[in-house]
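No lab work stands behind these numbers, since they all come straight from the coordinates. None of these values were measured; they are calculated from a predicted model. Because the Cβ atoms are built from the backbone with ideal geometry, glycine has one as well, and the counts that use them run over all protein chains shown.
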Amino acid sequence: MRYLLFLCFALVVFSCKKDDKKAEIEIEPSTDISAISAKPFRDFKVLDSKVILNESIWKVLEEQLKDFSEEKYTALKSLILDQDIPTLQKHIVDGKLSYELLTKFYLYRIKMFDRETDLSLNSVISLNPNAIEDAKAKDREFLNKKMKHPVFGMPILLKDNINANQMPTTVGALALLKNSTEDAYITRRLKSSGAIILGKANLSEWAYFFCGDCPSGYSAVGGQTLNPYGRKIIDTGGSSSGSGVAVTADFCAAAVGSETAGSILSPASQNSVVGLKPTIGLLSRSGIVPISSTLDTPGPITKNVIDNAIVLDAMKGFDKNDFKSIKSGSTQFFNGLSDANLNGKRFGVFKELMKDSLYLNAIDVLRKQGAIIVEISEEKIELPDFIRLLNLDMKADLATYFRTSASKSLQYDSIEDIMEFNTKKSDIAMPYGQSLFEGVSKDKSTKEEFDVIKATLKTNGRQFFDIPMKSQNLVGILSINNYHAGEAAVAEYPAITIPMGYTNKGVPEGLTLISKPLSEYSLLQWAYAYEQASRMRVAPRNYN
């Protein structure tokens with residue numbers, strides 16, 4: 001039952017909203033987890049943002065969109081909706097599409113569906129005022145044969161804890177509403193590969209390490225993100241809630257999320273898209289509002305595996321300012337995926353999950369592709385002081401972000417400064433309280449004690465996977481959604497989730513593959529092979 005130890009807690013905890021069968025499983029008691037157990041997600045105190053309105057979001061871009069009619073939108077739907085990046089690029093090569101039209105199409109859909117409508121999703125916090133002009137520039141570069149990478153010209157949404165100089169980085173918090181910054185390292189990498197930064201996606205505020213009983217996907221700035229597979233019925237997952245929702249609703253070609261322990265895997269699986277949490281250090285964390293410099297990582301969220309590989313590849317690069325940064329070599333993650341072969345690959349599957357029919361179906365698909373399936377039991381290994389690790393890291397790491405990467409106009413030095421701001425504006429800034437921030441503020445340790453906490457968690461997390469992988473000669477382990485995201489986080493192991501179907505109540509689920517550090521290319525190959533054989537993703541029906 002290890003997968004239910006960590007509950008509903010975005011970057012840190014995962015979506016706790018499973019179907020009824022799983023909800024009957026008894027949760028293991030844990031004093032570490034009591035503070036972050038979430039209320040039922042339908043228990044909304046706030047739905048729409050009290051901070052931003054459609055009028056403010058569209059103030060600059062509306063004039064530039066005047067020439068994009070409903071007729072143009074309708075004519076482009078078959079070329080763009082649910083298409084992968086290589087197909088979009090082919091349409092551009094064939095002259096059926098341009099980067100300007102692609103960008104305007106996504107903006108039109110955001111305006112149509114995202115806020116202040118009967119189908120609103122509240123997944124986008126802000127838009128790049130230069131997005132259309134950037135797209136026109138890409139069209140000119142394309143004509144001059146200056147396309148640099150498959151992500152070239154693709155409109156990308158960034159989770160709003162990732163710095164981008166065209167928009168403030170609010171992390172969903174009222175206190176950071178004017179946090180204008182330089183680009184994060186991965187933002188620069190995306191731009192240098194030719195991507196268009198379309199805007200910022202909503203998120204669980206402060207990456208869900210803020211209020212202990214708020215729903216997934218809520219932020220004071222962005223309001224309550226809703227799941228297009230069931231508005232107000234199905235949880236969005238978190239904390240990269242807006243990134244997952246925006247991708248599945250076709251508001252962008254792809255999005256970037258971030259994860260500490262479940263915040264990519266959770267919203268990706270809950271929204272029936274592909275999410276990759278890479279090996280910590282493969283992608284830079286510089287310029288991203290932190291929880292934990294020990295565990296944080298950004299990662300791509302996309303409709304399919306090939307797009308995931310493309311976006312991951314565009315963001316990679318060694319960052320001398322990130323102490324965990326890894327030199328990843330010259331591998332292009334998107335090359336050769338169609339050559340993926342599962343024949344003879346040995347995967348461990350958890351006996352504790354074998355009552356899930358979607359999991360069993362996914363295992364059957366893999367067997368038919370030649371994979372060898374080995375049943376294993378979860379190792380009885382604890383993750384002591386997990387929350388303390390996050391508390392102690394965030395206290396130091398947030399202060400570092402304010403000093404090095406935030407707007408110079410902000411007058412914050414510590415988490416206590418944010419708490420004081422929130423207390424003065426409590427009705428808007430913290431309708432669900434700030435109990436997790438209070439825990440961060442109170443926690444203290446010596447360096448020696450903190451080093452022991454980190455070492456113990458990493459050792460235990462690796463043993464959870466390494467013991468069965470070594471004894472059974474496994475290349476990877478198969479899980480569901482974010483069930484083992486905590487163990488993968490502290491082990492610093494990569495994981496990818498791929499749509500594996502829908503429960504009888506229509507709730508999406510993902511098949512999650514976990515393997516050793518720097519095995520991203522293998523994970524993408526295996527995920528691609530499963531995706532092509534299963535074809536399980538279905539777009540949300542009300543957003544076509």
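For segment 477-544, the list of trypsin sites (Lys or Arg not before Pro) that fall in a loop by DSSP and count at most 11 other C-beta atoms within 10 angstrom reads Lys505, Arg535. The phi torsions of segment 336-351, fed into the Karplus equation with coefficients 6.51, -1.76 and 1.60 and a -60° offset, translate into couplings of x, 5, 5, 8, 4, 9, 8, 4, x, 6, 9, 10, x, 10, 7, 4 Hz, rounded to whole numbers, with Gly and Pro shown as x. The modelled label-to-label distance between Ala539 and Lys90, using points 7 Å beyond Cα along the C-beta direction, is 1.7 nm. How much of the DSSP beta bridge set in segment 2-543 is antiparallel, as a percent to the nearest 5? Roughly 65 percent of the DSSP beta bridges within segment 2-543 come out antiparallel. Each principal axis of the chain carries a Cα extent, and these read 61, 59, 46 Å when sorted largest first. Restricting the trypsin sites (Lys or Arg not before Pro) of segment 144-176 to loop positions (DSSP other than H, G, I, E, B) with no more than 10 neighbouring Cβ atoms within 10 Å leaves Lys145.
For segment 431-500, what class follows from the C-alpha gyration tensor (a ≥ b ≥ c being the square roots of its eigenvalues): rounded when a/c is under 1.5, otherwise prolate if a/b is larger than b/c, else oblate? Taking the square roots of the gyration eigenvalues as a ≥ b ≥ c, segment 431-500 is oblate. A simple spin-label model places pseudo-atoms 7 Å from Cα toward Cβ; at Arg140 and Gln411 they are separated by 4.3 nm.
Residues whose amide H lies under 5 Å from that of Ile372, counting only those 5 or more places away or on a different chain, are Gly344, Lys345, Arg346, Phe347; hydrogens are built 1.01 Å from N in the peptide plane. Trypsin sites (Lys or Arg not before Pro), restricted to segment 372-429: which are DSSP loop and have at most 15 other Cβ atoms within 10 Å? Answer in residue order: Lys380, Lys408, Lys425. A simple spin-label model places the labels of Phe323 and Asp466 2.2 nm from each other, with each point 7 Å out along Cα-to-Cβ. Residue-wise HN-Hα couplings along segment 408-416, as the Karplus relation 6.51 cos²θ - 1.76 cosθ + 1.60 with θ = phi - 60° gives them from phi, are 5, 7, 6, 10, 10, 10, 8, 5, 5 Hz; Gly and Pro carry x. Where does the charge balance sit around Phe68 when Lys and Arg score +1, Asp and Glu -1, over other residues with C-beta under 14 Å from its C-beta? Taking every other residue near Phe68 into account, the sum is +1. Computed extension gain for Glu63 through Asn335, at 0.36 nm per residue and net of the alpha carbon distance, reaches 93.9 nm. Lys277 sits among other residues whose Cβ lies under 11 Å from its own Cβ, and their net charge, with Lys and Arg +1 and Asp and Glu -1, is -4. With K and R counted +1 and D and E -1, the other residues having a Cβ less than 13 Å from that of Leu524 yield a net charge of -3. Anisotropy class assigned to segment 482-523 is oblate, per the alpha carbon gyration tensor with a/c at or over the 1.5 cut-off and a/b no larger than b/c.
Looking at the calculated P(r) for segment 120-225, what percent of the C-alpha pair distances fall above 23 Å? Considering segment 120-225, 32 percent of its Cα-Cα pairs are separated by more than 23 Å. Estimated purely from DSSP H runs of n ≥ 4, each contributing -39500 (n - 2.57), the mean residue ellipticity at 222 nm for the chain is -10500 deg cm²/dmol once divided by its residues. With r defined as the distance between the Cβ atoms of Lys50 and Asp213 and R0 fixed at 25 Å, what FRET efficiency is calculated, to the nearest 0.05? Once the sixth-power term is evaluated, E becomes 0.85. Applying 0.36 nm per residue to the separation of Glu379 and Leu360 and subtracting their alpha-carbon distance, the gain on full extension is 4.8 nm. Computed from backbone phi, the HN-Hα couplings of segment 228-237 come to x, 7, x, 4, 6, 10, 10, 5, 7, x Hz, rounded to whole numbers (Karplus: 6.51 cos²θ - 1.76 cosθ + 1.60, θ = phi - 60°; Gly and Pro given as x).
Pairs from the table (Lys96/Lys145; Lys50/Lys424; Lys50/Lys200; Lys138/Lys178; Lys66/Lys138) lying more than 24 angstrom apart at Cα are Lys138/Lys178. Compared with the alpha-carbon gap, the fully stretched path from Val452 to Glu420 is longer by 8.4 nm at 0.36 nm per residue.
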